[in-house]
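None of the figures in this text is laboratory data; all of them are computed from the coordinates on show. Owing to the predicted nature of the structure, the values given are computational and were not obtained by experimental measurement. FYI the Cβ positions are ideal-geometry reconstructions off the backbone, even for glycines, and counts take in every protein chain you see.
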Amino acid sequence: MTAEPKKFKFSFQINAQDCMACAACELECKDGAIYVDDNVNYAINQDNCKRCGKCQRACPSGAVLKINIA
Ligand code: SF4
Ligand code: SF4
């Protein structure tokens, strides 16, 4: 029996327009949830993200946004 995926009321997303590709968020994420996508933008794999917020606090340009899920 597999566990139900954990449901969150918010997610973190990276706004590519504000991202300067410094990699601070990637270094800070201990869950390996941050990766570089096909468009060479930093992105967050929501399946691996535990919503700790460390990437947001580490980002020097405010590119990591906390988005509420309706
Ligand atoms: S919120 Fe935490 S787990 Fe999710 S991407 Fe950011 S540092 Fe990683
Ligand atoms: S820390 Fe912020 S500016 Fe740096 S790569 Fe991550 S999202 Fe982009």
Assertion target for 35, 42, ordered by fewest C-beta neighbours within 10 angstrom first, is 35, 42
Where a ≥ b ≥ c are the square roots of the eigenvalues of the C-alpha gyration tensor, would you call the chain rounded, which needs a/c under 1.5, or, failing that, prolate if a/b is larger than b/c, or oblate?
prolate
How much mean residue ellipticity at 222 nm does the chain get from its helices, if each DSSP H run of length 4 or more adds -39500 (n - 2.57) and you divide by all residues, to the nearest 500 deg cm²/dmol?
-2500 deg cm²/dmol
Find the cysteines in the chain that fail to meet the 4.7 Å Cβ criterion with every other cysteine, and list them.
19, 22, 29, 49, 52, 59
